[in-house]
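S.K.: Take a look at this one; I'll ask things after.
The values are calculated or read from the model by the stated rules, or taken from the named source; none is laboratory data. Computed from a prediction, not measured in an experiment: that's the story for all the values here. Methodologically, a virtual Cβ is constructed for each residue, glycine included, from the backbone with ideal geometry; neighbour enumeration extends over all protein chains shown.
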């Protein structure tokens with residue numbers, strides 16, 4: 001179960017065999033069933049998660065109790081609620097499994113010990129955080145300045161095949177459009193492909 005996470009880490013830093021073993025021993029495997037809650041609003045985020053298999057989504061509810069999906073974490077991706085994780089404060093976001101999902105998770109104390117034992121992981125997580133910030137900035141920019149068609153195209157490029165797994169309502173909430181408008185977009189794209 002640990003090969004994918006080691007490949008993910010070794011794309012950015014080199015690891016000795018001892019470091020790799022120690023890293024794997026610091027993570028705990030966990031399985032979530034489809035629709036199972038990983039983190040609820042108001043809970044403190046105790047773990048950062050690496051998705052081995054499956055898909056998680058982060059979302060929040062606005063003042064009208066409407067869900068807004070902020071992120072999907074598919075196989076090979078990291079997720080959690082960093083602010084809650086680092087500050088031990090209540091999470092403003094929820095995380096749920098969109099399908100049966102297997103993760104490797106690490107607590108903040110385990111992560112701090114890991115930084116001490118394998119100092120190069122500081123560089124790895126800095127790179128991960130930078131990449132996350134770049135992706136968030138791109139998402140905000142596209143959300144504010146791109147058409148719904150462009151956002152839908154980018155979604156399908158970024159998450160190929162996810163449309164077959166995730167409900168139209170959730171995808172629409174990620175794109176910032178209504179499910180009815182997403183349905184029209186899908187029809188338009190299908191007719192353009194034929």
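S.K.: Does at least one position in the stretch 77-85 carry a residue that is crowded, with 20+ Cβ neighbours inside 10 Å, within 15 Å of residue 173 (Cα to Cα) and in the same structural domain as residue 29 (by TED's automatic domain parsing)?
M.R.: no
S.K.: Take residue 135 and tell me if it is more than 23 Å from residue 19 (Cα to Cα), in contact with a helix residue (DSSP H, G or I) (Cβ under 6 Å, 6 or more places away or on another chain) and either at pLDDT 95 or above or assigned to a helix (DSSP H, G or I) (or both).
M.R.: no
S.K.: Restricting to the stretch 42-75, count the residues that are touching a helix residue (DSSP H, G or I) at 6+ places or on another chain (Cβ under 6 Å) and in a loop (DSSP other than H, G, I, E, B).
M.R.: 1
S.K.: If you go through the stretch 170-185, how many residues are assigned to a helix (DSSP H, G or I), in contact (Cβ under 8 Å) with a residue 12 or more places away in the chain and in contact with a helix residue (DSSP H, G or I) (Cβ under 8 Å, 6 or more places away or on another chain)?
M.R.: Number satisfying all stated conditions: 7.
S.K.: Another question about this same structure. Given the structure, is residue 61 surrounded by fewer than 16 Cβ atoms within 10 Å (Cβ to Cβ), assigned by TED's automatic domain parsing to the domain that holds residue 106 and under 25 Å from residue 138 (Cα atoms)?
M.R.: So residue 61 passes the test.
S.K.: Which residues, taken from the stretch 159-168, are in contact (Cβ under 8 Å) with a residue 60 or more places away in the chain and either assigned by TED's automatic domain parsing to the domain that holds residue 60 or under 21 Å from residue 61 (Cβ atoms) (or both)?
M.R.: The one that is in contact (Cβ under 8 Å) with a residue 60 or more places away in the chain and either assigned by TED's automatic domain parsing to the domain that holds residue 60 or under 21 Å from residue 61 (Cβ atoms) (or both): 166.
S.K.: Go over the candidates 15, 24 one by one and state the one that is surrounded by 14 or more Cβ atoms within 10 Å (Cβ to Cβ), assigned to a loop (DSSP other than H, G, I, E, B) and touching a helix residue (DSSP H, G or I) at 6+ places or on another chain (Cβ under 8 Å).
M.R.: Going through 15, 24 in turn, just one is surrounded by 14 or more Cβ atoms within 10 Å (Cβ to Cβ), assigned to a loop (DSSP other than H, G, I, E, B) and touching a helix residue (DSSP H, G or I) at 6+ places or on another chain (Cβ under 8 Å): 15.
S.K.: Output the number of residues of the stretch 109-124 satisfying the condition of being crowded, with 17+ Cβ neighbours inside 10 Å and either outside the structural domain of residue 83 (by TED's automatic domain parsing) or part of a helix (DSSP H, G or I) (or both).
M.R.: Residues that pass the stated criteria total 4.
S.K.: Name the one entry in 41, 51 that is touching a residue at least 12 places away in the same chain (Cβ under 8 Å), touching a strand residue (DSSP E or B) at 6+ places or on another chain (Cβ under 6 Å) and surrounded by fewer than 21 Cβ atoms within 10 Å (Cβ to Cβ).
M.R.: Every option except 41 fails the conditions.
S.K.: I've got another one for you. Does residue 36 fit the bill of being surrounded by fewer than 20 Cβ atoms within 10 Å (Cβ to Cβ) and free of Cβ contacts under 8 Å to residues at least 60 places away in the same chain?
M.R.: no
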